[in-house]
Amino acid sequence: MRTIFTFLTSILFLTSIHAECAMSGLYVFPKGKTIRQNPVFVLDGYGFSEHTIEGLNKEYPVYLQCGEIKVPLEVKEMHKGQFELTQAVLVPTDSLIPGLYYKLTIDHLPPYDNFKSHASNAIWKVESGKDTIAPEMTARPRELNKILELYGCHPVSYVVFSCPAKDNSEMMVRATVKDKAGNETSYFIETNGLEIKIGHDMCHGAFKFAEGSKYDVKFDFMDASGNIRSWEGAGLRFSGPDKETSE
């Protein structure tokens, strides 16, 4: 009887864990309520929404809209993550008018797609002027710790680095990871200004690491207007999380 109870409890726990992983979702940067006249937008699609990202300006026209005004967005970069995640970097093809509110709009959006974790529903007010100053790096990033949490449908696995960069706007970090075979994967990662976490959570993520394997990583820092401070020199060597080194 105890064995059956334990089995059912485990099933219910795993079911609740799976329920926390939505089947799709779109995430957009920047997260704030204002942009300058030369913004950049980074759009991530998880799960089924990866197809939406791959189909931008093909099946799914994407643009900024303010009333009758439509400003097409050009896909400048496309990045494929290693775990259920795809990303597009978008820039306006025409000037934005200060003082107006623009909404990021995607035509023919599938019914399962919607913008997650954005309080303004992907609407921004345009501030006057263009930002042309790249983020400032005060030092080289360094590894802080590793995270490995073995629960749910997939483990949570991250390597955490310091973020010695600052800017007057929101920032993202383009992490370029190279494995021992020389294969490279690049992806823009959000940062809280203190840490850079590369890896994946239980449901999706940009990078997957084999336990104990060696990698190199370079970081380029980009602000909300697309100004980039590029990495110089050799990358940082690190290893994937394992049970002994994770916190």
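Of the residues making up the range 34-81, just one is in contact (Cβ under 8 Å) with a residue 40 or more places away in the chain, among the acidic types (D, E) and in a strand (DSSP E or B), namely D44.
Looking only at the range 20-33, which residues are of a type in the set (A, V, I, L, M, F, W, C) and outside any loop (DSSP other than H, G, I, E, B)? The answer is L26, V28, F29. L100 satisfies every condition listed in (1) hydrophobic (A, V, I, L, M, F, W, C); (2) without any contact (Cβ under 8 Å) to a residue 40 or more places away in the chain; (3) within 24 Å of E190 (Cα to Cα); (4) surrounded by 13 or more Cβ atoms within 10 Å (Cβ to Cβ) except (3). Residue-level check: of (1) hydroxyl-bearing (S, T, Y); (2) modelled with pLDDT of 95 or more; (3) under 30 Å from S24 (Cβ atoms); (4) not in a strand (DSSP E or B), S128 misses just (3). Here is the figure for the range 42-80: residues that are in contact with a helix residue (DSSP H, G or I) (Cβ under 9 Å, 6 or more places away or on another chain) and buried (at least 22 other Cβ atoms within 10 Å of the Cβ) total 3.
Can you name the residue in the range 170-199 that is among the hydroxyl-bearing types (S, T, Y) and at pLDDT 95 or above and is also surrounded by the fewest Cβ atoms within 10 Å (Cβ to Cβ) among such residues? Going through the qualifying residues, I end up with T176. Residues that are of a type in the set (D, E, K, R), part of a strand (DSSP E or B) and assigned by TED's automatic domain parsing to the domain that holds K214 do not occur anywhere in the range 101-113.
The values are calculated or read from the model by the stated rules, or taken from the named source; none is laboratory data. No experiment lies behind these values; they were computed from the predicted model shown. All Cβ positions, even for glycine, are placed from backbone atoms using ideal geometry, and neighbour counts span all protein chains on display.
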